[in-house]
Amino acid sequence: HYNYLTAKMPSAMVVEEIEKDLHRTFPENYVANSPARLKIQERVLSAFGVHDSELAYCQGMNFICGFLLIALDNEEDCFWCLSAMVQSLLPGYFAADLFGSVVDLRVLEDLVKESIPDIADKFEELQFEIELVSAQWLTTMFVATHPAEFVVSAWDMIFCDGADALLRLSIRFFAAHRELILSSDDAYELASALKQAAYMYYDCHDLMQVEGVLESKLSTGFINQRRVAQRSIVKAEKQQRREAQPWMRRLGLDDKLQAFREGRNALFKKIGDVASDLRGPDSLDEAKEPPQSHVTAAEAVGSMGCLGSLQLTEYVVSTYDNLGSVAVAFDMRMKDLMDLNESLDLTKELQPGDVLHVLQWQIDRNAYQERQSPKKPHWGSD
């Protein structure tokens, strides 16, 4: 069956996405990044795109596939393991709407509040979004963020307990760094510190000895209870977005949204150029790195500290004609877009101050996530 799949090709869009991510997986690992190994990885991912045309390909799968090839060193075995992990072990994590991972990120927030309330209080004080660090933990199963020694042990637990193990390990990682978190006074610095701590955390089993976690709140029953509740909430939000489509059409925003999605990388590059002018050449490579499919330009701008940039606002004002087009272009959540319309006329002529208002609104409404390309774990250079 695998030979049959490799003889076919997924859609051109899927092929393009796979090719785009190949060199980003383990760029410092000369074996994993060799032309021969990249060809195998491309073949496995393309075969899966044919095998399951509905899931096809989603960013994060490249890391899982790459690590499987390192661990198994067998192409077909890698394919079947990837299929089992994506389709069964982490259901919905790699769907087009990322439904499973969105739900579990919400569940993780609930578990933080219930199992480590002192840390949850600190996160709330700093307005720290745990997605800044945990989103990539879940969607790459720790491969992109932790050393290989940690990943191997973590995967043992994930193979036994599925996505629940991802959530438990994430909670315990926060608990293991309680002192670091509670002593922090800046959300961005905390995110950087936690990422650096992840790069250096080798022993996954140490997390099982961490104290200060309410174990009853990490049981399978409690996690499933929270998951059921969050699934209903996420589904309701999706329905709300569908119902808002006529409203978007009346404002002429749906066409602008589609146009922006088609040209997002170009916009991101222009904003990256502005950011590099402001911060210097050391940020140029990261600024120009094309974003992941769920990255928003506003988030990228926010992470580069350019929200107050006159050059940025001049660029946006020259590109968009009203607040509605800016809000849609920067991919605001539908609920936030409708809330914003209650305080501002989205159809009015655009002014520089309004651009900053839209961007800051998005960040204040929990849409800001860390989007700088994270450093690869140090094991990538072995």
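Laboratory data are not the source of any read-out in this text; all were calculated from the coordinates shown. Since this is a predicted model, take the numbers as computed values, not measurements. Here the Cβ positions follow ideal geometry from the backbone for every residue, glycine too, while neighbour counts run over all protein chains shown.
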Given charges at beta-carbon only (K, R positive; D, E negative), |dipole| of the stretch 81-123 in Debye: 140
Descending semi-axes in Å of the stretch 129-212, equivalent ellipsoid built from Cα gyration tensor: 20, 14, 12
Largest to smallest principal axis extent of the C-alpha atoms in the stretch 181-237, angstrom: 36, 29, 20
HN-Hα J in Hz across the stretch 179-192 - Karplus 6.51, -1.76, 1.60, θ = phi - 60°, x for Gly and Pro: 4, 4, 5, 5, 8, 7, 10, 8, 5, 5, 5, 5, 4, 5
The stretch 113-172: radius of gyration over Cα atoms, expressed as a fraction of 2.2 N^0.38 Å: 1.21
For the stretch 1-157: Kirkwood Rh in Å [reciprocal of mean 1/r, alpha carbons]: 16.6
Per-residue ³J(HN,Hα) for the stretch 68-79, Karplus 6.51 cos²θ - 1.76 cosθ + 1.60, θ = phi - 60°, Hz, x for Gly and Pro: 4, 5, 5, 6, 9, 6, 9, 5, 5, 4, 4, 4
